[in-house]
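Enquirer: This is the structure, below, for whatever I ask next.
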Amino acid sequence: MRIGLAASVAIFLANLLLVYFWTAWTLVLGTGVILFGLVFQRNWREGKGKFSGAQWLSLGLLVLAIVMLIFRGPVLELVALPAEVAPSFIATGKVAAGVYSEGLGSMFLGSGPGTFGLDWLRYKDVSVNQTIFWNVRFNQGSSFFSTLLATTGFLGALSFLAFLGAALLLFLKRRLSAEEKMGAIQEGVLLGFVALAILSFLYPANVTSLLALFLFTGLGLTLFGRKEEQDSAAGVR
């Protein structure tokens, strides 16, 4: 299992190096910070003064991610990938502002799920009409969260933030403050949830990202809530 996981990590990093994708490297940077913190806390609890192999690995990922984000390009350009086009965050914000101008109902509830394409056609910046994208209908904004600002309004966006915040607090409630050591599976689920949460602010949503986000949330609530259930059962007895 350890060899298989190491091979998977090596293949994953090789893909990132050969096919530059700044969003992926941003996720590596964000999860690398969390991983370094988890490993540092574990070593501190165990009284280890020296850097462990896991700490060096997480630090290496951080340095590699920073270098690649500064370098902004693949190591070897073997494949010419098609360019991805999406509205910028500012352009998405202007569309959301146009929806809010319709009244308080639209401001708090938005235009409705799945209606960003219509909002784009109605409220896009007029300067877009002078570009080759004048007739392109974007069904999402710059990211999943920015799209929520227009389609679900303030209440929908705040609900999504509350969902992520509540899940993260439940994950960290016992494991980072209690004496019990967090297991490798729990750490992996936590890092996966953090990566997908960051992704929702950086990239448009798709079936894979949304399914994985809710899957990791459910796994986390199950794994991190098991200890509380055992403690509650022990208290009843």
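The values are calculated or read from the model by the stated rules, or taken from the named source; none is laboratory data. No experiment lies behind these values; they were computed from the predicted model shown. Cβ placement follows ideal geometry from the backbone for every residue including glycine, while neighbour counts extend to all protein chains displayed. Each accessible area value is taken on the protein alone, full model and side chains, heavy atoms only, with ligands, DNA and RNA left out. Shrake-Rupley method; radii C 1.70, N 1.55, O 1.52, S 1.80 Å.
Enquirer: Quick one: which residue in Ile11, Ile66 is open to solvent by 60 Å² or more (accessible area, probe 1.4 Å), modelled with pLDDT of 85 or more, over 20 Å from Val194 (Cα atoms) and assigned to a helix (DSSP H, G or I)?
Expert: Testing whether each residue is open to solvent by 60 Å² or more (accessible area, probe 1.4 Å), modelled with pLDDT of 85 or more, over 20 Å from Val194 (Cα atoms) and assigned to a helix (DSSP H, G or I) leaves just Ile11.
Enquirer: For a quick check of your reading of the model, give me the residue pairs whose first member lies in the range 1-26 and is on the phi < 0 side of the Ramachandran plot, whose second is modelled with pLDDT of 85 or more and in a loop (DSSP other than H, G, I, E, B), with beta-carbon atoms closer than 6 Å and at least 6 apart or on different chains.
Expert: Thr23/Tyr203
Enquirer: Tell me, which helices (runs of 4 or more DSSP H) lie completely within the range 87-181 with 2 or more residues that are free of Cβ contacts under 8 Å to residues at least 24 places away in the same chain and out of contact with any Leu (no Cβ under 6 Å at 6 or more places or on another chain)?
Expert: Filter on the range 87-181 gives 104-109, 116-123, 153-175.
Enquirer: Residues being surrounded by fewer than 16 Cβ atoms within 10 Å (Cβ to Cβ) and within 24 Å of the chain's Cα centre (by Cα): count how many of those fall in the range 34-56.
Expert: Residues that pass the stated criteria total 3.
Enquirer: Something else: How many residues, within the range 79-99, are open to solvent by 40 Å² or more (accessible area, probe 1.4 Å) and farther than 25 Å from Ile132 by Cβ?
Expert: 0
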